[in-house]
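**Student:** Below you will find the structure I want to go over with you.
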Number of protein chains: 2
Amino acid sequence: MNYQFSQRVKDLKPSAIREILKNSSAPGVIPLSAGNPAPDAFPYEDIRTLSESLLADTPVEALQYSLTEGYAPLREYLKKYMAEKYGLGTDNDQVIITSGAQQVMDLLTKTLLNEGDTVLCEAPSFIGSLNTFRSYRARLCGVPMEEDGVSVEGLAKALDTEKNIKYFYTIPNFQNPSGVTMSLEKRKRVYELCRDRGVLILEDNPYGDLRFAGEDLPSIKALDQEGVVMYAGSFSKVISPGMRVGYAVGPQEVIQKMVVCKQGEDVHSNIWAQIICHRMLTQRDYEAHLRRLREIYRRKSAVLLQAMEEHFRPLISWNPFEGGLFAWCTLPKGMDMLDFVKRGAERKVCVVPGTAFLTDEAEPCQSFRINFSTPTDEQLKEGVRILGEIAREMQG
Amino acid sequence: MNYQFSQRVKDLKPSAIREILKNSSAPGVIPLSAGNPAPDAFPYEDIRTLSESLLADTPVEALQYSLTEGYAPLREYLKKYMAEKYGLGTDNDQVIITSGAQQVMDLLTKTLLNEGDTVLCEAPSFIGSLNTFRSYRARLCGVPMEEDGVSVEGLAKALDTEKNIKYFYTIPNFQNPSGVTMSLEKRKRVYELCRDRGVLILEDNPYGDLRFAGEDLPSIKALDQEGVVMYAGSFSKVISPGMRVGYAVGPQEVIQKMVVCKQGEDVHSNIWAQIICHRMLTQRDYEAHLRRLREIYRRKSAVLLQAMEEHFRPLISWNPFEGGLFAWCTLPKGMDMLDFVKRGAERKVCVVPGTAFLTDEAEPCQSFRINFSTPTDEQLKEGVRILGEIAREMQG
């Protein structure tokens, strides 16, 4: 048979991260390229006991077909919880439960975007989302990142000059990959700019609860009374990524269309996992769990920072970060970043080349991403030591 | 905000089945409209004990990120199992694990179809799949069903006259909604016709293991040595639909593109459920479980058949069926089917109007679908009695 693929698929490439992940689980490899939560961050005991009582007491609830929009008690609880804890959501907003926040990116794109329409995004940005947008044949337009978030001038210019913009995609907290957090001032400006142009904001916040330094900032959605922001949340980094439970809070007109699209994609998300997440929020001390997580990542980030101080100075610099799972590191001018990453892999230290996060992978980039949640302390120290060594070798 | 939806979403309507399901769970309603497995068909004890040991012994396996293509031991086992039990699959075939078989429909369509391309399907056919195809702006072309499966002449004609056909969608066993099983002779003819025209076959087999009468027939995929057939399977009807675990077996060139599309949709499917399904197949007596299921549905279908003999004759007729979950019933000429369904709903008996399963809902149709797996025996008897009464009232 001769297979004729759709136009949207012909140009798609597997995510560079997933491809690298495949090799990074080989024996002996130091996986600084991953994005997995730390294995000791999972609430094993809570999940085990919650699952036991669920499957013993009301198993049919966990095993039968359920509603496309998600487990009703979880939707209702999230709406209340997000409003009370983060001041987020209006009476006109609804919640949809998705198969990971990745599906929020997918469903919103499916709902809004015609082939060739434009998505504005931060440059660099999360490759998984960029690939989702690409799979709908979006035209990606990257707006440069600055130390305090996306360039407001760049965004204003893009909003003025680009055609058929469907939304602006942003990760305001501990952005993946740059680690940057958008300032409050910029959140307000970004909100106003998009509102005034009638362009939706897709606010992706997988790491917001993983702040281990500095002060919490209001989400952009918390500024929104006019239905401008679709907020994407996830339990992947705070409960379990293998469960695949994410959610969106946004204007009901849009959420309802996303529900129709979700019907066609997977009918509904795994219901056992939705119930476990609901009970984790309501029957366990969830805030204490989050404090424990932040402590884990505070400690691990300190291990990374100390190793970088020791082995990266002065050749390799990095963005300051106050939460999340990643450090964004930059090589000196003139040093070949892709060659550096390749040499790392040859010595079994995997990092992700910064070009993977650009709207155009062919653009020049001196940066690479290190994850500090997956590796052990020893792997972090050893990996950074080897990377520092490679940089010095390349510097000659 | 004024929301601008994509063209593909503008015309999409929520699935009539899902909309009816919402009301069918209201108190006092007799849910002959559903498609849920019988609650006593779930292997509660097996799932509970398998989950307990999984979450106690290797919880990180069940909670961490996993591979997009699915849990490797399940993929490998399914390949072997389908080959040994059903003679299905070649060396060039691969397996992908999906979020329910619904996602196979979605991913294959995303992989093959450009907007406006044609999908051939049986008429009537499963509304959930039709809506998925529609969400990619497929042009649906229905081929009439006959007592022994799709019309071969109709299929040949459609293959000759339609443009840009990407695949033919068929449910050969106990088709939803018609209950019809395709004869072996027709399976061969359908295979040859599509192969000769270079058109893929999407063979959807959610009910194949639920045969309670007659003899098993080889799947179309079992005839396929040339990569013509994409086979979709599911654990929804045989283990649990709430788990959302489906799979496809098909040519690796196509499966690999589907994996790339799946990355962008949900990264991977819930891994706990994948491991439970794998252990259900390998650590429990799965064949005994299937025999128990068939016994349950044989008994329930007999309850329905007896009630229909008693209350439907001579006004309402039905297609014979040897498995699955549905009976396809037809009103006498001249009786208004939609009015009949509406009168049923007013008396709290929900069935699905046959028009919901057509490529064009405006076409005339005298049939409706009854599900016999979800209702209790008493509900089946009472529901059929009321429907029979309505038909006699309408006959006047």
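**Student:** Can you pull out the helices (runs of 4 or more DSSP H) entirely within the range A:39-155 that have at least 2 residues that are free of Cβ contacts under 8 Å to residues at least 60 places away in the same chain?
**Tutor:** Those helices (runs of 4 or more DSSP H) span A:44-57, A:59-63, A:72-86, A:127-135.
**Student:** Please work out which residue is surrounded by the fewest Cβ atoms within 10 Å (Cβ to Cβ), limiting yourself to the range B:70-95 and to residues that are under 19 Å from residue B:279 (Cβ atoms) and among the acidic types (Asp, Glu).
**Tutor:** Once the filter is applied, the top-ranked residue is B:84.
**Student:** Does residue A:362 satisfy the condition of being loosely packed, with under 13 Cβ neighbours inside 10 Å and either farther than 19 Å from residue A:125 by Cβ or in contact with a helix residue (DSSP H, G or I) (Cβ under 9 Å, 6 or more places away or on another chain) (or both)?
**Tutor:** Against the criterion (loosely packed, with under 13 Cβ neighbours inside 10 Å and either farther than 19 Å from residue A:125 by Cβ or in contact with a helix residue (DSSP H, G or I) (Cβ under 9 Å, 6 or more places away or on another chain) (or both)), residue A:362 qualifies.
**Student:** Taking the condition of being crowded, with 24+ Cβ neighbours inside 10 Å and hydrophobic (A, V, I, L, M, F, W, C), how many residues in the range B:156-173 meet it?
**Tutor:** Number satisfying all stated conditions: 2.
**Student:** Could you go through the range B:195-217 and let me know if any residue there is among the hydroxyl-bearing types (Ser, Thr, Tyr) and farther than 19 Å from residue B:35 by Cβ.
**Tutor:** The answer is no, given that none of the residues of the range B:195-217 is among the hydroxyl-bearing types (Ser, Thr, Tyr) and farther than 19 Å from residue B:35 by Cβ.
**Student:** Same structure, new question: For the range B:340-359, which residues satisfy the criterion of being more than 28 Å from residue B:121 (Cβ to Cβ) and touching a residue at least 60 places away in the same chain (Cβ under 8 Å)?
**Tutor:** Selection gives B:348, B:349.
**Student:** Now a separate question. Has the range B:146-165 got any residue that is within 14 Å of chain A (Cβ to nearest Cβ) and within 15 Å of residue B:187 (Cα to Cα)?
**Tutor:** No, every residue in the range B:146-165 fails to be within 14 Å of chain A (Cβ to nearest Cβ) and within 15 Å of residue B:187 (Cα to Cα).
**Student:** Any idea which residue in the range B:318-366 is farthest from residue B:133 (Cα to Cα), counting only those that are β-branched (Val, Ile, Thr) and more than 19 Å from the chain's Cα centre (by Cα)?
**Tutor:** If we take residues in the range B:318-366 being β-branched (Val, Ile, Thr) and more than 19 Å from the chain's Cα centre (by Cα), then B:349 is farthest from residue B:133 (Cα to Cα).
**Student:** Just checking, which of A:324, A:344, A:354 is surrounded by 21 or more Cβ atoms within 10 Å (Cβ to Cβ) and at positive phi?
**Tutor:** Residue meeting the stated conditions: A:324.
**Student:** Moving to a separate point now. Can you tell me which of B:66, B:51 is of a type in the set (Ser, Thr, Tyr), within 9 Å of chain A (Cβ to nearest Cβ) and touching a His at 6+ places or on another chain (Cβ under 7 Å)?
**Tutor:** That would be B:66, the only listed residue that is of a type in the set (Ser, Thr, Tyr), within 9 Å of chain A (Cβ to nearest Cβ) and touching a His at 6+ places or on another chain (Cβ under 7 Å).
**Student:** Take the residues of the range A:97-126 that are among the aliphatic types (A, V, I, L, M), under 20 Å from the mean Cα position of the chain (by Cα) and crowded, with 24+ Cβ neighbours inside 10 Å: which is farthest from residue A:369 (Cα to Cα)?
**Tutor:** Filtering first and then ranking leaves A:97.
**Student:** Further question: Counting just the residues of the range A:367-396 that are part of a loop (DSSP other than H, G, I, E, B) and surrounded by fewer than 18 Cβ atoms within 10 Å (Cβ to Cβ), which one comes out nearest to the chain's Cα centre (by Cα)?
**Tutor:** Out of the qualifying residues, it is A:376.
**Student:** Among the residues in the range A:185-205, are any in contact with a strand residue (DSSP E or B) (Cβ under 9 Å, 6 or more places away or on another chain), assigned to a loop (DSSP other than H, G, I, E, B) and within 25 Å of residue A:99 (Cα to Cα)?
**Tutor:** Yes, there is a match, as at least one residue in the range A:185-205 is in contact with a strand residue (DSSP E or B) (Cβ under 9 Å, 6 or more places away or on another chain), assigned to a loop (DSSP other than H, G, I, E, B) and within 25 Å of residue A:99 (Cα to Cα).
**Student:** Now for a different question. Residues to consider are B:295, B:253, B:265; find the one that is at the interface with another protein chain (Cβ under 10 Å from one of its Cβ atoms), surrounded by fewer than 24 Cβ atoms within 10 Å (Cβ to Cβ) and modelled with pLDDT of 95 or more.
**Tutor:** B:253
The values are calculated or read from the model by the stated rules, or taken from the named source; none is laboratory data. From a predicted model like this one, the values you see are computed outputs, not experimental measurements. Cβ atoms come from the backbone with ideal geometry, glycine included; neighbour counts cover every protein chain shown.
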